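These notes are about the structure you will find just below.
The values are calculated or read from the model by the stated rules, or taken from the named source; none is laboratory data. Note that the structure is predicted; figures quoted are calculated from it, not measured. No Cβ is skipped: glycine too gets one built from the backbone with ideal geometry, and neighbour counts run over all protein chains shown.
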Amino acid sequence: MTTAAAPPIVTGVDGSVESLDAVRWAARAARLRDAPLEIVYALDFSALLAGGVVPPPEEMKDVVRARGRRYLRAAAELATAQGLPDATTRLDPDRAALALIDASRTASLLVVGSSGHGKLTGLLAGSVASAVSAHASCDTVVVRGDTWDEPGAADRPVVAGVDGGEATERILAAALTEARVRKAPLVVVHAAADDSRHGESPVGAGQRLPADRLRAQDTEGVAVDEAVVATHPRRELIERSATAQLVVLGNRGRGGFPGLLLGSTGQALLHNAACPVYLVRVG
């Protein structure tokens, strides 16, 4: 049973397999957190403008609404199958990115799907991915791969990528929360990378995260292991995603690693990670 006063987890559906995977992941996350789930279908009537200016006839809008309601019913049934029978559904007239960004203002988490072949599809097509990741008011999860749904996946660790920068505490807090509700171990990855372009020294192999960063967090009930590696963070996290149930890092800028931007490390994970990617909003 969910707590009505709690901010909802919001996910978007567009009829694609990837968006239905996002619904399943979001429903399970909502059940674990005892949080409400809201499922949104973006009608995007602006895409129906003839010549970019002439509004579509009401009959055409009715067809789109009927399709949206059908997708929402299927998504709600899927959420029920995950043990969450009380998900709410909503048609939004706006474009997908704008609808989801608006919904994120009152959400605890935004969950979207991606393709498994290097392209973000449906709700995360092209520039929409960057818009949602950069402008959502809450943390975002991009559901990737199949490993999260395999037997035994619940025994896999949550992996967090940090660099000791300002966002480290927020990333650690989010990763610990996810590990705790999933009853999973947490691996904190501190990877060395050449960041000389910024005039800063990279973290060297053998240099562990300052102990006070972990002591400041509530680690009770979570087995935490720190891995200091001398490889590129992009490669390290992609490799570790194959045996993880979730990878957690900052959403942009220097959120998780030196030089992290969507389009570099973050974008590489969104395209190549073997498990869902949790982007902590850090800016």
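When A131 is tested against (1) modelled with pLDDT under 85; (2) touching a Ser or Thr at 6+ places or on another chain (Cβ under 9 Å); (3) assigned to a helix (DSSP H, G or I), only condition (2) is not met. One residue stands out in the range 1-24 among those that are part of a helix (DSSP H, G or I) and under 20 Å from S137 (Cα atoms): the one that is modelled with the lowest pLDDT, namely A22.
Residue by residue, here is whether (1) over 15 Å from P276 (Cβ atoms); (2) at pLDDT below 95; (3) surrounded by 14 or more Cβ atoms within 10 Å (Cβ to Cβ) holds:
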residue: G206; (1), (2), (3): yes, yes, no
residue: R213; (1), (2), (3): yes, yes, yes
residue: V224; (1), (2), (3): yes, yes, yes
residue: V229; (1), (2), (3): yes, yes, yes
residue: R235; (1), (2), (3): yes, yes, yes
residue: I238; (1), (2), (3): no, yes, yes
residue: G256; (1), (2), (3): yes, yes, yes
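Is it the case that some residue within the range 197-204 is part of a loop (DSSP other than H, G, I, E, B), buried (at least 18 other Cβ atoms within 10 Å of the Cβ), at pLDDT below 80 and among the charged types (D, E, K, R)? No.
Inside the range 67-78, can you point out the residues that are farther than 15 Å from A42 by Cβ and out of contact with any Lys or Arg (no Cβ under 8 Å at 6 or more places or on another chain)?
Those that are farther than 15 Å from A42 by Cβ and out of contact with any Lys or Arg (no Cβ under 8 Å at 6 or more places or on another chain): R73, A74, A76, E77.
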